[in-house]
1. Any chance you could run the full-extension gain for S50 through A62? It's 0.36 nm times the residue separation minus the Cα-Cα distance, nm to one decimal.
2. Given the options D114, D147, D66, state which has the largest fluctuation in a GNM of the chain using a 10 Å cut-off (strictly under) for Cα springs.
3. If you add up the charges near G174, with Lys and Arg at +1 and Asp and Glu at -1, over every other residue whose beta carbon is less than 12 angstrom from its beta carbon, what do you get?
4. Kindly put T65, T51, T228 in sequence by how many other C-beta atoms sit within 10 Å of each C-beta, fewest to most.
5. Long-range amide H contacts for V214: which residues qualify at under 5 Å (H placed 1.01 Å from N, peptide plane, sequence gap of 5 or more or a different chain)?
6. What 222 nm value per residue comes from the helices of the chain, counting each DSSP H run with n ≥ 4 as -39,500 (n - 2.57) and dividing by all residues, nearest 500 deg cm²/dmol?
7. Using label points projected 7 Å from each Cα along Cα→Cβ, tell me how many nm separate R165 and E198, to one decimal.
8. Identify the trypsin sites (Lys or Arg not before Pro) of the stretch 168-227 meeting these criteria: DSSP loop state and at most 11 other C-beta atoms within 10 Å of the C-beta.
Amino acid sequence: MIGIIPAAGAGQRIQPLGCSKELLPVGARVIDGAERPKAVAEYLVERMISTGAEQICFVISAEKTDIVRYFAEREYAAQIFYVVQQKPLGLCDALFRAEPFARSHEHVLIGLPDTVWFPENAFRPAVDAGHDVNLVLFPVTNPAAFDAVIADDDGRVQTVEVKQRGAHSCWVWGSLVTSGKAFRALKLLWEARHRRDEYLGHLLNAYMAAGNPVHAARSGEIYMDVGTLEGYRAAQDFLRTLGAQAPPAAAALDDAA
């Protein structure tokens, strides 16, 4: 199992910053008995590892060497490595930079590094379902800011509404699980469409139009986009409240995991 984290974006919605947006401090972790700031991307790394990822590939731009330094400071129960996206050509281009490393894996986990979501095991139902492409859905109050997903009661996706005003669903995809074979098929379709799909939602719609099923798991409960100032504040407030409610021992164990 491999995790792919697209982290090459400039983060213009929350600039200027003194670091890559993926390293924004959100919440805290305990190191040697002392609290230290926790980078937002670390939440996704932990969720991927707990799901079973043995490798995690960050796709970064050439300027984001601070991400490499940050994750080199700690040991993780997965091999973390990096691929460079030379130009900011969108999410699909970033994801498929990692495809040569993913094609041999049974499961490919994909998530966005400037988000924090719960429950922590939201990947698991999508993995266990065994579908080739399974979107992990989260309910939000502003679906037009995301990719809203229309799915039937059995979880079969009918369409993805990409940042559409007046979205017809409050459920958005926040992460996804594919097979290595399906991830390669998505890349080949993207290339056949002359790489014009910037957003994954558009490519998924084309994938379904070609007769390929896409499923959805409504396993998410809370989804916070830290890539905006409003979302950053909301995540800080939520995690602060969550930390205050957790028993001290349990909080320390969670941070040390």
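1. Extra length available between S50 and A62 comes to 1.4 nm.
2. D66
3. It works out to a net charge of -2.
4. T65, T228, T51
5. HN-HN under 5 Å from V214: V157.
6. -9500 deg cm²/dmol
7. 1.8 nm
8. Those satisfying the criteria are R196.
Quick note: the coordinates plus some simple rules give every number you see, no bench work behind them. Source: prediction; values computed, not measured. Methodologically, a virtual Cβ is constructed for each residue, glycine included, from the backbone with ideal geometry; neighbour enumeration extends over all protein chains shown.
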